[in-house]
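**Student:** Attaching a single structure in structure tokens format; questions to follow.
FYI, it's all coordinate maths here, none of it is from the lab. The shown structure was predicted, so the numbers you read here are calculated from the model rather than taken from an experiment. Quick reminder, even Gly has a Cβ in these numbers, built from the backbone with ideal geometry, and neighbours come from all protein chains shown.
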Amino acid sequence: MRSHFVRKPSFEFRQRSAAPRAGRLGTWTLLAGLGLIVALAVIALAPPATVQGQGTPTAPDAPQNLVVNPQAGALHVSWEAPADNGGADISGHSVRYRQAGATTWTDLSVDDGQDGTTTTISASALSVTIPGLTAGQAYEVEVAAINSAGTGVYTDTATGTPLSAPPGKPTSLSVTAGGVGAVTVSWVAPADTGSSAISGYSVQYRQTGATDWTDLSVDDGQGGTTTTIGASPVTISGLTAGQAYEVQVAAINSEATGAYADPATGTPTTAPPPPSPAGPALASAVAEGASLTLTFSAPLDANSVPASTAFTVEVDPDGDATTESAAAVSLAQSNAVAISGSTVTLTLAAALTGGETVTVAYAKPAANPLRDSSPANSEVDSFAAVTAHNVSGVPPRALSAITTAGGTKITISFSQALDTTSTPAGSAFTVTAAGSTLALDASEPVVVSGSTVTLQLGESAGQPL
């Protein structure tokens with residue numbers, strides 16, 4: 001470096017410019033005591049691009065090589081450090097964006113690591129993603145570096161257009177029976193909504209093992225139908241009861257329909273069986289001595305004999321039918337229940353006496369309930385306490401007599417059960433038809449069963465008695 005000047009009695013150098021940068025001139029001025037000015041040109045030979053620790057820091061230059069790459073509903077922004085950091089370390093970056101053609105910038109906010117957000121991007125980060133953008137809409141982006149002197153110059157804007165993105169798959173898909181011929185479908189919305197908010201769902205179903213899916217249609221509220229389902233849950237009806245179905249669900253946004261969740265399976269409830277025909281009804285109850293005979297409206301199944309605990313027999317000695325004085329009556333320890341035709345005979349542990357009020361109740365048991373003898377095997381319903389006609393000490397009386405078996409048998413019904421061990425001889429009965437006396441069958445003229453006596457005739461009566 002050379003300098004030229006004119007010697008005078010006194011002079012001084014005064015620096016007018018800041019430290020010279022590469023390729024720039026630094027200007028120096030020489031002031032003589034007599035006012036002579038001599039210019040000294042100094043050429044700074046390639047000083048460093050970044051100068052630190054010399055003088056007061058200034059804001060950094062703009063970052064270099066800004067690049068914007070489109071993503072689904074987002075833009076990925078990357079850059080390189082500025083050529084000049086302004087004499088101080090870079091402490092962060094500012095990234096801002098706006099729709100192309102707009103005038104107002106939006107500062108990008110990121111997680112600050114302390115449950116909050118910040119608009120200062122990390123100094124070490126040279127890339128960032130701007131999320132939540134509108135697919136198909138162009139955006140402008142620019143970046144500036146920050147140091148202790150402040151925010152530097154922003155880069156020239158770079159432009160990018162976010163891509164369209166469908167939402168993710170719904171989760172927790174469940175299919176349960178929703179009634180006869182229907183299933184109920186429920187799900188949880190996907191966490192990833194794609195490049196726009198979820199606007200509805202597509203629900204498809206098919207019989208298990210089938211290949212083609214059917215889109216579920218629902219009422220659109222305007223007199224028509226739509227295949228866009230508003231929200232979970234939804235019911236699919238009109239299905240075949242007992243047939244398993246597969247169901248799949250996909251979320252929809254303004255861009256597209258997302259991928260379907262893995263199918264879930266459910267089976268509609270089968271139709272309930274028709275109600276069983278009513279079982280035989282209790283027609284009468286007659287108590288005599290140690291027997292209580294229940295007569296029903298139809299023959300009973302002799303092989304379905306309930307336990308004695310299904311019956312409750314109570315006696316009121318006062319005959320006033322008040323529960324305060326009623327006492328339970330035990331049934332015999334063995335063979336307490338017998339079925340013959342349409343009658344049930346209960347054998348009591350002790351004989352009754354005349355004048356007592358007797359009640360009987362039946363609670364249908366789970367095992368061997370009373371049932372009719374028809375193929376339907378209709379069960380006798382439970383019944384509350386009913387009063388039995390107590391004929392203890394009162395002789396049985398004949399109620400009716402009818403001919404059966406073509407007129408060769410006469411069945412006589414009595415008011416109470418009869419003693420089957422005491423069968424009278426045929427000569428005790430006289431049968432007359434059209435003024436003529438008919439003989440009874442000599443082999444077995446009289447049969448006693450329950451509260452009936454059957455007379456076997458030797459010849460047909462031929463007409464009502």
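**Student:** Along segment 88-102, what does the Karplus equation 6.51 cos²θ - 1.76 cosθ + 1.60 (θ = phi - 60°) give for ³J(HN,Hα), rounded to whole Hz, x for Gly and Pro?
**Tutor:** 8, 4, 5, 9, x, 9, 10, 10, 9, 8, 7, 5, 4, x, 7
**Student:** Here's a follow-up. Specify which residue in the list ALA425, GLY407, GLY435 is farthest towards the positive end of the charge dipole of segment 379-465, using unit charges on the beta carbon of Lys, Arg (+1) and Asp, Glu (-1), about the Cα centre.
**Tutor:** Of the candidates, GLY435 comes out farthest on the positive side.
**Student:** What list of ³J(HN,Hα) values in whole Hz, one per residue of segment 230-246 in order, does the Karplus curve 6.51 cos²θ - 1.76 cosθ + 1.60 (θ = phi - 60°) give from phi, with Gly and Pro shown as x?
**Tutor:** x, 6, 7, x, 9, 10, 9, 10, x, 8, 7, 4, x, 9, 6, 10, 9
**Student:** Pop the C-beta distance of ALA138 and ALA191 into the FRET formula with R0 = 30 Å and round what comes out to the nearest 0.05.
**Tutor:** Step by step, r from the Cβ atoms, then E = 0.60.
**Student:** So what's the gap between the Cα centers of segment 69-122 and segment 180-231, to the nearest angstrom?
**Tutor:** Segment 69-122 and segment 180-231 have Cα centres separated by 40 Å.
**Student:** Using a Förster distance of 41 Å, how high is the FRET efficiency between HIS76 and THR208, based on the Cβ-Cβ distance and rounded to 0.05?
**Tutor:** 0.40
**Student:** Please find the FRET efficiency linking SER400 to ALA307, where r is the Cβ-Cβ separation and R0 is fixed at 45 Å, and quote it to the nearest 0.05. Numbers along the way, then the final one.
**Tutor:** Details: r = 33 Å, r/R0 = 0.74.
Working from the Cβ atoms, E equals 0.85.
**Student:** For SER291, list long-range residues whose amide hydrogen, built 1.01 Å from N in the peptide plane, is under 5 Å from its own amide hydrogen.
**Tutor:** Those qualifying (amide H under 5 Å, at least 5 residues apart or on another chain) are LEU348, LEU352.
**Student:** Each label point is 7 Å from the Cα along the Cα-to-Cβ direction; what then is the distance between the points at THR161 and HIS389, in nm?
**Tutor:** 10.0 nm
**Student:** Mind checking the dipole of segment 90-180: about its Cα centre, +1 per Lys or Arg Cβ, -1 per Asp or Glu Cβ, Debye to the nearest 20?
**Tutor:** Taking the Cα centre of segment 90-180 as origin, the dipole is about 280 debye.
**Student:** While we're here: Whole-Hz ³J(HN,Hα) for each residue in segment 131-147, computed from phi via Karplus 6.51 cos²θ - 1.76 cosθ + 1.60 with θ = phi - 60°, x for glycine and proline: what do you get?
**Tutor:** x, x, 9, 7, 4, x, 9, 6, 10, 9, 9, 9, 9, 10, 8, 10, 10
**Student:** Next question. Using amide H atoms built 1.01 Å from N in the peptide plane, name the residues 5+ places from SER340, or on other chains, whose amide H lies under 5 Å from its own.
**Tutor:** Those qualifying (amide H under 5 Å, at least 5 residues apart or on another chain) are THR345.
**Student:** Shifting gears a bit: Check ASN253: other-chain or 5+ apart residues with amide H under 5 Å from its amide H, H built from backbone geometry?
**Tutor:** Hits under the 5 Å cutoff: SER199, GLY258.
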